[in-house]
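A.B. asks: Please see the structure below; I have some questions.
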Amino acid sequence: MKRKRDRLQLITDLIKTNCIGSQSELADMLREHNINVTQATLSRDLKALKISKVATDRNTYMYIIPDSNQLQDRLLSMRQTDTHAPKQVGMVSVSFSGNIAVIKTRNGYAPGLAYDIDMSRPPEVLGTIAGADTVVAILAEGVTRDQARAVFDQFMPKS
């Protein structure tokens, strides 16, 4: 049982510190640590750890660990300092009702966009709630629609 526990810990460590996009890539990394697993075992391990695969804003995928923002925070902070990095391309429209902004996205893009908005901590936005293709952003009192659009424009690619 110690072997499985060690393997699960290594998987967790690898996912926290690397941008891993496939099971074969993860299996290769495990082999570098002298751990050989079948695809079926690796799949069961990922399920047991509740690891998810999410789309990135660079049109790739990466595994994430629930409630662990270490790698995602690092990727976001790199993007904030890299003016040439691509931005979220899934935003379709923004509508307003009072101090609520409803942002429509392409299917599957809303969670990443909401995460990016929340992690950038704009004072105009109190928080977000994401579905598959919709982000609801609660705006601070007194924030105008133009101010909110300026915040959301930061997450759109520059033409």
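A.B. asks: So how many residues does the range 110-150 have that are among the charged types (D, E, K, R) and part of a helix (DSSP H, G or I)?
C.D. replies: Applying the first criterion (among the charged types (D, E, K, R)) to the range 110-150 yields 116, 118, 121, 124, 133, 141, 145-146, 149.
Then drop every residue that is not part of a helix (DSSP H, G or I), which leaves 116, 118, 145-146, 149.
Of the residues in that region, 5 qualify.
A.B. asks: Need pairs with beta-carbon distance below 7 Å; first residue in the same structural domain as LEU49 (by TED's automatic domain parsing) and closer than 19 Å to LYS50 by Cβ and within the range 13-37, second of a type in the set (Gly, Ala, Ser) and assigned to a loop (DSSP other than H, G, I, E, B); sequence gap 6+ or separate chains.
C.D. replies: Note: pairs meeting the criteria are LYS16/SER68.
A.B. asks: Can you pull out the residues in the range 139-159 that are surrounded by fewer than 16 Cβ atoms within 10 Å (Cβ to Cβ) and closer than 23 Å to VAL54 by Cβ?
C.D. replies: GLN154, MET156, PRO157
A.B. asks: Read through the list (1) surrounded by fewer than 18 Cβ atoms within 10 Å (Cβ to Cβ); (2) closer than 18 Å to ILE15 by Cβ; (3) modelled with pLDDT of 80 or more, then give the number of the only condition that GLY127 fails.
C.D. replies: Against the list (1) surrounded by fewer than 18 Cβ atoms within 10 Å (Cβ to Cβ); (2) closer than 18 Å to ILE15 by Cβ; (3) modelled with pLDDT of 80 or more, GLY127 comes up short only on (2).
A.B. asks: Hey, another quick one. For residues that are surrounded by fewer than 15 Cβ atoms within 10 Å (Cβ to Cβ) and part of a helix (DSSP H, G or I), tally how many sit in the range 26-38.
C.D. replies: Residues that pass the stated criteria total 3.
A.B. asks: Select from the range 112-124 the residues that are among the acidic types (Asp, Glu) and modelled with pLDDT under 95 and list them in ascending order.
C.D. replies: Let us first name the residues in the range 112-124 that are among the acidic types (Asp, Glu), namely 116, 118, 124.
Result: ASP116, ASP118.
The values are calculated or read from the model by the stated rules, or taken from the named source; none is laboratory data. Please read these numbers as outputs of a predicted model, since none were measured by experiment. Positions of Cβ are backbone-derived with ideal geometry, glycine not excepted, and every protein chain shown enters the neighbour counts.
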